[in-house]
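The structure appears right after this line, and notes come after that.
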Amino acid sequence: MCGFYGAIGSNPNVCHEVYEALVCLQHRGQDSAGIVSYDHRFHLKKGNGLVRDIFRAKNMERLTGTWGIGQVRYPTFGGATTEDAQPFQVHYPYGIAMAHNGNVTNAEILTEWLRREKRTIMNSSCDIELILATFAAELGEIGGVDPDPESVFKAIEKVLHRVKGAYSVISLVAQLGMVAFRDPHGIRPLLMGKRTAADGTVEWACASENIALEILGYSDIENIGPGEAVIFRPGEDPLRRKVFSIRHNPCIFEHVYFARPDSIIDNVSVYEARRNFGIQLAKKWQKSGFHADVVIPVPDSACTSASTMARELGIEYREGLVKNRYIGRTFIMPGQGERTSSVRRKLNAIESEFKGKDVLLVDDSIVRGNTSRQIVELARAAGAKMVYFASCSPPVRHPCVYGVDMSTRAELIANETSEVEIAKKLGADAVIYQEISDLRLAVANSGSDLHYCAACFDGNYPTADVSAETLSNIEEARLQDHRQRLSIEADKVGEPG
């Protein structure tokens, strides 16, 4: 899961605008970040770490131009290397820079096609390089001396037919403008908005979440639909075209965990969806027959659901876990070792809220279980009498191949494991999960009639290319990548100081 932002207009300091947007979207990726601007040539700066740590005044001074795109990344594949940081760029045809959010499921097939048919090799493990190379190859064969909208639309149509998986893409095409498009199922979010500059010109921007657009003063914010492409040119209205769409299947995990609560994803308020998660989960708890003196959320993404759940149950809501705001989101740490070591530094328990009480802990999800187990240990150490653990989402039993880092079944604590066994592994007295039907109902009650992708919960992958063989190949590639990273880390430890 990643976040991106792009803007085009008359702002001579567009890089500053992109920087501010990436700070707004930092929750979507903390591994690396990058910005590319354009003023008849591309200017690129990217690196590992948080946005605030990568860009200095000297970097911003050279990112000149009125067009710009940027991205924050967390890796589902590949390590924390600058080679995988986005945006990527190519010089042929015309000059193209590109960033995305998502995951390509037919990477091996694309890599081989590019090698054999286009004489192009990949230089990273980042999926955007595949999308960019495919787009560039198609556009190079279709376009004329200068880029034109019709050629770009045709090239995007070929990309959408050839590239499988989930992806929302933002791109700059030299001499033409900014281009945005979304995969045929619209699994990953993509929005656009407009703003009137001081000189009266209209500026346009795209982002992974609407909050980046709102904070920077854009209005008339709307979704770019599944299989839709939009071309933004300076001083002209956007050109929009439904290139190739199948069925809209947005990712439900955006509402569970990734998106900010003040965002609206595919016309659904994340905050309202999480309130409804709490309502449905309260009904499940009432049927359990368990007793709790207090409801305590695991901050931050579970707070809205937990407070609503406590209200529905008539149980006191207390914020007994204090979060260190300067530690990143543990779920999107690149390696399991980093996740494990970060939990204790991230959270601390207020002993008076736990001591002698039956405690109901509420979290957004339980994926690998390592974080949950350490939180239960915190509650026990603080003196809790009974510790129950409630998940706002159903058991994660299947790997996500669309951009969320849960790519191997062996990592998932709920894989072929009962709730009783999961509770034992976590050290909790019991575990309560949201039902998949209740999760869907909660989003429907928030105003959506879409059929959400919930493959990580129910194993129903919306893209037809995902088969048992596909899952096995992706899992093996991830395991091999993990082994390589462990080997590299071991070599570093063995190096002389």
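The values are calculated or read from the model by the stated rules, or taken from the named source; none is laboratory data. Note that the structure is predicted; figures quoted are calculated from it, not measured. No Cβ is skipped: glycine too gets one built from the backbone with ideal geometry, and neighbour counts run over all protein chains shown.
Numbers at a glance
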item: Those strands (runs of 3 or more DSSP E) lying entirely in segment 153-201 with at least 1 residues out of contact with any Asp or Glu (no Cβ under 9 Å at 6 or more places or on another chain); result: 165-173, 177-182
item: Segment 1-26, residues that are surrounded by fewer than 24 Cβ atoms within 10 Å (Cβ to Cβ) and modelled with pLDDT under 95; result: 10, 11, 12, 13
item: Residues (assigned to a loop (DSSP other than H, G, I, E, B), touching a strand residue (DSSP E or B) at 6+ places or on another chain (Cβ under 8 Å) and either under 28 Å from residue 479 (Cα atoms) or acidic (Asp, Glu) (or both)) located in segment 415-440; result: 427, 429
item: Residue count, segment 286-316 (criterion: surrounded by 22 or more Cβ atoms within 10 Å (Cβ to Cβ) and assigned to a helix (DSSP H, G or I)); result: 6
item: Residue 70 vs. criteria surrounded by fewer than 18 Cβ atoms within 10 Å (Cβ to Cβ), within 19 Å of the chain's Cα centre (by Cα) and outside any loop (DSSP other than H, G, I, E, B); result: no
item: Which listed residue, of 145, 163, 173, 169, is modelled with pLDDT of 95 or more, more than 20 Å from residue 249 (Cβ to Cβ) and assigned by TED's automatic domain parsing to the domain that holds residue 33; result: 173
item: Any hit, segment 229-240, residues being over 30 Å from residue 150 (Cβ atoms) and either surrounded by fewer than 17 Cβ atoms within 10 Å (Cβ to Cβ) or touching a residue at least 60 places away in the same chain (Cβ under 8 Å) (or both); result: no
item: Residue in segment 397-415 that is at positive phi and surrounded by fewer than 18 Cβ atoms within 10 Å (Cβ to Cβ) present; result: no
item: So residue 29, is it under 25 Å from residue 130 (Cβ atoms), surrounded by fewer than 18 Cβ atoms within 10 Å (Cβ to Cβ) and either out of contact with any strand residue (DSSP E or B) (no Cβ under 6 Å at 6 or more places or on another chain) or not assigned by TED's automatic domain parsing to the domain that holds residue 300 (or both); result: no
item: Selection from segment 148-169 of residues that are crowded, with 21+ Cβ neighbours inside 10 Å and over 21 Å from residue 114 (Cβ atoms); result: 168
